[in-house]
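First up is the structure itself, then whatever we jot down about it.
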Amino acid sequence: VAVAYGEGMGSGQVEVSATSAGVASGTGPVRADAEGISRGGGDVLVSAAASGASGLVSSTARTAGDRGLRVGASVHRGLFAASQVIATASMGSALSGLPGDALGTAQVVGRPSDELVAGARGRHEGLETLLTAEPDARVLVLGEVSALGEENDQLSLQTIDLALDPEPADVRSGIELAIFSESVLGAGFEQLAFRLEVFGEVLGEEQTFASVEEADAFFASLLSVPSDIVSPGGDSSIRAIFEISSLADQGITFGFAAVVVPEPSTGLLLGFGLALVVYRKRRA
């Protein structure tokens, strides 16, 4: 485990498969912690936190699995009162129990357990329908983002980013994304801007919502990333980005799931083609 503290920034790195960094700057006491790998039962957890009395804080955590899957989470926020933001990235671990005074959090889990997947299925009808209809589909990544307003009249803005690079074996597979609100405090937020990026390009259009109801209506449908634009080896090739503006007594938590839907294999396509040729010959 690597931990770094500083008046302005901290960063840490453990092995080549995990990095984390925290950055804080402002007029009051600031602190940034970067914590590397924590292992237990085969799981890997990377976390980063940044806190300050006022100013800008940022935390980022990334990790990679042994089969090429990479996941990352980051939070960037301006603070008007003492608090912190936390990002975690893990493989196989449960979503962490985070401190209650964190105003912004982002968590992402690669190759989640069956128990975690079962909980997500019950939160999104489209996700449940997809996994029931497609037996070979599997949840590759689960995530969670949250934003709370500060106890003052200031409008706070934070940007939360969940990122993933699929495993090389999944390159010819489509990716379906499910997003769903998990908990709402007060009105939830003043405004939410959401965009999906693939290799730095916005897929579709950025969406802006003035209420949780508007966001839920949009996210009721799965978001599709076609297989022909997914490729391995990129840096954060798929990113879900939430920009959330909040006032006091407002808070929102969104869940996130990325599902791999394999395309028909070459063997299946070849078998179908041969059967079609035989059928046509018999018709002739």
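The values are calculated or read from the model by the stated rules, or taken from the named source; none is laboratory data. As the structure is a computational prediction, the values presented were derived from the model and not from experiment. Note that we place each Cβ from the backbone using ideal geometry, even for glycine, and neighbour counts take in every protein chain shown. The area values use the complete protein model at the heavy-atom level, side chains included, leaving out ligands, DNA and RNA. Shrake-Rupley method; radii C 1.70, N 1.55, O 1.52, S 1.80 Å.
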Checking segment 107-205 for trypsin sites (Lys or Arg not before Pro) in a loop per DSSP with at most 16 other beta-carbon atoms within 10 Å yields R123, R172
Per principal axis, largest first, the Cα atoms of segment 115-164 extend in Å by 49, 22, 18
With a Förster distance of 25 angstrom and the Cβ-Cβ distance between D216 and L155, calculated FRET efficiency to the nearest 0.05 equals 0.65
Residues other than G119 with Cβ under 12 Å of its Cβ, Lys/Arg counted +1 and Asp/Glu -1, net out at -3
Rounded to the nearest 10 Å², the 1.4 Å probe accessible area of L203 is 60 Å²
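Summing +1 for each Lys or Arg and -1 for each Asp or Glu, what net charge is found among the other residues whose Cβ lies under 11 Å from the Cβ of A73? Before the final figure, lay out each step's value.
On the way: positive: R62, R239; negative: E144, D161.
So the environment of A73 carries a net charge of 0.
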